[in-house]
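What follows is a set of notes on a single structure, which appears directly below.
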Amino acid sequence: MTSVPHLLTEIPGPRSRELHAQREAAVASGFGVTLPVFIASAGTSTLQDVDGNTLIDLASGIAVTSVGAANPLVRQKVAAQLDLFTHTCFMVTEYEGFVRVAEWLNDHVPGDFEKKTGLFSTGAEAVENAVKIARAYSGRPGVLVIDEAYHGRSLLTMAMTAKEHPYKTSFGPFPGDVVRGPNANPLRGAGTDAALAEIERIVVDHGADHFAALVVEPIQGEGGFVVPAEGFLAGLRRIADAHGIVLVIDEIQTGLGRTGRLFASEHDGIAGDITLTAKALGGGLPLSAVTGRADIMDAAHAGGLGGTYAGNPLACAAALAVFEVLEDPDLLPRVAGIERSIRRHLEPLLVELDIVAEVRGHGAMMAIEFADPGTLAPRADLAQRIASACHAAGVITLTCGTFGNVIRLLPPLVIEDAVLEAGLEILAASIRSIAAEEAAA
């Protein structure tokens, strides 16, 4: 492998800048962009742009291309399906791929009970359909979510999402019957006992028959890759059981090997009544799933679930390839090795630099948070400057967090050791450089 990143021009290069100008004229301005670089091709863990630059991918399309953006098995299975047909709509005429994907998820999603699955296209669709199913099952209207949560960009999921800008600004009013409880954020939030006590109070105050669903990410995504304090998820499971609430585990970003377990909820030894998957599920093609207890999943009436593109056959073929990759016995131990490498590069910065507030996460879902020492006042400006320095050096990183002060790392699960090391060295050097500038200012 040629050493990476391999840069022939500045980032973005002249051809990318030309195409970006065309984009600005043609594409609605509401679509943001992290790095205005146009991609021509991809490798296992690298992206090649139209100017001939090779970039290290530590973003995976926001956890979508977990098995690589050009995985040969995904391409092979999608190409074979493409030779047969592209679409029929599963609600009109059926095809086997949909059933096989559902069977795999029923077998592998946590929970020692009979399961059924529905397939859709996007993560937000999965969340909304989980709410629909929980309401049909329980006969209740309310949805309980957690502070700092992110669940999507549709109107209902925006109501469930905590972060105001850019997701909710100017788009309201939003659907009602969504109530937010505290998060057990070890760095900034309440402790486990206090957070659970407040959630219990919320449930009791609204009445025993109000909440259909309690929806939670086992590790928060856009909220800042927040790993909840020990016992929090198990406590939510107890509250849901005590009050007959459907516990929905949103594994859209955390699932399918991302955290070193097949599902992140396994770290806490719990199972949702319903578990949601998307992102990595389709290997780069749009696919999402709602998998849950069979009696809950069957509560929706015939015709009540679906969608024109739900479980598209090409996306199902891609998912079956993803499953084959995930079944490699060496893969999940390798993800644990990715975490060790990230911690080895970043945890020394906790001692070295006072702007580094926390390094956290599991597996290939890791984050580093920046804040003023003592006060923990969020420093989104530092996170953005560090991300920009990485981009200029040919490493794709993403920011996140309620305050925008977190850099999140989502490398492909199949990233080569040398590529990961090169990317982490550039990230650590960028952090040190920006910290030095800050100290000198």
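The values are calculated or read from the model by the stated rules, or taken from the named source; none is laboratory data. Since we're looking at a predicted model, the values are computed, not measured. Backbone-built Cβ (ideal geometry, glycine too); neighbour counts: all protein chains shown.
Quick check, is Gly404 surrounded by 20 or more Cβ atoms within 10 Å (Cβ to Cβ) and small (Gly, Ala, Ser)?
no
Could you check the range 169-203 and list, in sequence order, the residues that are charged (D, E, K, R) and surrounded by fewer than 16 Cβ atoms within 10 Å (Cβ to Cβ)?
Asp193, Glu198, Arg201
Being closer than 20 Å to Leu196 by Cα and part of a loop (DSSP other than H, G, I, E, B) is the filter here; which residues of the range 129-176 pass it?
Within the range 129-176, Asp147, Glu148, Ala149, Tyr150, Thr161, Ala162 qualify.
For Ala392, indicate whether it is over 23 Å from the mean Cα position of the chain (by Cα) and surrounded by fewer than 16 Cβ atoms within 10 Å (Cβ to Cβ).
For Ala392, the condition - over 23 Å from the mean Cα position of the chain (by Cα) and surrounded by fewer than 16 Cβ atoms within 10 Å (Cβ to Cβ) - is met.
Does Asp295 satisfy the condition of being in a helix (DSSP H, G or I) and either farther than 20 Å from Arg408 by Cα or within 14 Å of the chain's Cα centre (by Cα) (or both)?
yes
Conditions: (1) free of Cβ contacts under 8 Å to residues at least 24 places away in the same chain; (2) outside the structural domain of Met365 (by TED's automatic domain parsing). Ala25 meets all but one. Number of the miss?
(2)
Any idea which of (1) farther than 22 Å from Leu285 by Cβ; (2) more than 23 Å from the chain's Cα centre (by Cα) is the one Gln48 doesn't satisfy?
Unmet for Gln48, out of (1) farther than 22 Å from Leu285 by Cβ; (2) more than 23 Å from the chain's Cα centre (by Cα): (1).
Only one residue in Ala317, Ala310 is closer than 23 Å to Val78 by Cβ, small (Gly, Ala, Ser) and in contact with a strand residue (DSSP E or B) (Cβ under 7 Å, 6 or more places away or on another chain), so which one is that?
From the options Ala317, Ala310, the qualifying one is Ala310.
Being in the same structural domain as Gln253 (by TED's automatic domain parsing), on the phi < 0 side of the Ramachandran plot, surrounded by fewer than 24 Cβ atoms within 10 Å (Cβ to Cβ) and touching a residue at least 12 places away in the same chain (Cβ under 8 Å) narrows it down to one residue among Tyr137, Tyr150; which is it?
After applying the criteria, what remains is Tyr137.
Based on this model, can you work out whether Ala190 counts as touching a residue at least 40 places away in the same chain (Cβ under 8 Å), hydrophobic (A, V, I, L, M, F, W, C) and not in a helix (DSSP H, G or I)?
no
Select, from Glu327, Glu339, Glu358, the only residue that is touching a residue at least 12 places away in the same chain (Cβ under 8 Å), within 22 Å of Lys279 (Cβ to Cβ) and not aliphatic (A, V, I, L, M).
Glu339
Mind checking whether some residue in the range 228-245 is buried (at least 24 other Cβ atoms within 10 Å of the Cβ) and closer than 14 Å to Tyr150 by Cα?
For the range 228-245, residues buried (at least 24 other Cβ atoms within 10 Å of the Cβ) and closer than 14 Å to Tyr150 by Cα: absent.
Condition first: part of a strand (DSSP E or B) and crowded, with 21+ Cβ neighbours inside 10 Å. Can you find one or more residues in the range 321-333 that meet it?
The answer is no; no qualifying residue exists.
Go through the residues of the range 63-74 one by one and say whether even a single one is out of contact with any Cys (no Cβ under 6 Å at 6 or more places or on another chain), surrounded by fewer than 21 Cβ atoms within 10 Å (Cβ to Cβ) and of a type in the set (S, T, N, Q).
Taking every residue of the range 63-74 in turn, none turns out to be out of contact with any Cys (no Cβ under 6 Å at 6 or more places or on another chain), surrounded by fewer than 21 Cβ atoms within 10 Å (Cβ to Cβ) and of a type in the set (S, T, N, Q).
I want to confirm something. Restricting to the range 204-226 and keeping residues that are farther than 18 Å from Met160 by Cβ and either acidic (Asp, Glu) or not assigned by TED's automatic domain parsing to the domain that holds His165 (or both), which single residue is surrounded by the most Cβ atoms within 10 Å (Cβ to Cβ)?
Asp209
Can you work out which of the residues in the range 223-266 that are of a type in the set (Lys, Arg) and under 21 Å from the mean Cα position of the chain (by Cα) is nearest to Pro411 (Cα to Cα)?
Arg258
Looking only at the range 51-61, decide whether some residue is among the charged types (D, E, K, R), under 21 Å from Leu398 (Cα atoms) and buried (at least 22 other Cβ atoms within 10 Å of the Cβ).
yes
Count, please, the residues in the range 136-195 that happen to be touching a strand residue (DSSP E or B) at 6+ places or on another chain (Cβ under 7 Å), under 27 Å from Arg293 (Cβ atoms) and among the aliphatic types (A, V, I, L, M).
Residues meeting the conditions: 8.
Which residue pairs have Cβ atoms closer than 8 Å, lie 6 or more positions apart in sequence or on different chains, and pair a first residue in the range 204-226 that is in contact (Cβ under 8 Å) with a residue 60 or more places away in the chain and in a loop (DSSP other than H, G, I, E, B) with a second residue that is of a type in the set (Lys, Arg) and surrounded by fewer than 24 Cβ atoms within 10 Å (Cβ to Cβ)?
Close Cβ pairs (under 8 Å, with a partner that is of a type in the set (Lys, Arg) and surrounded by fewer than 24 Cβ atoms within 10 Å (Cβ to Cβ)) amount to Asp209/Arg140; His210/Arg140; Glu222/Lys163; Gly223/Lys163; Phe225/Arg360; Val226/Arg360.
Report whether or not Leu233 is in contact with a Pro (Cβ under 7 Å, 6 or more places away or on another chain), among the hydrophobic types (A, V, I, L, M, F, W, C) and assigned to a helix (DSSP H, G or I).
yes
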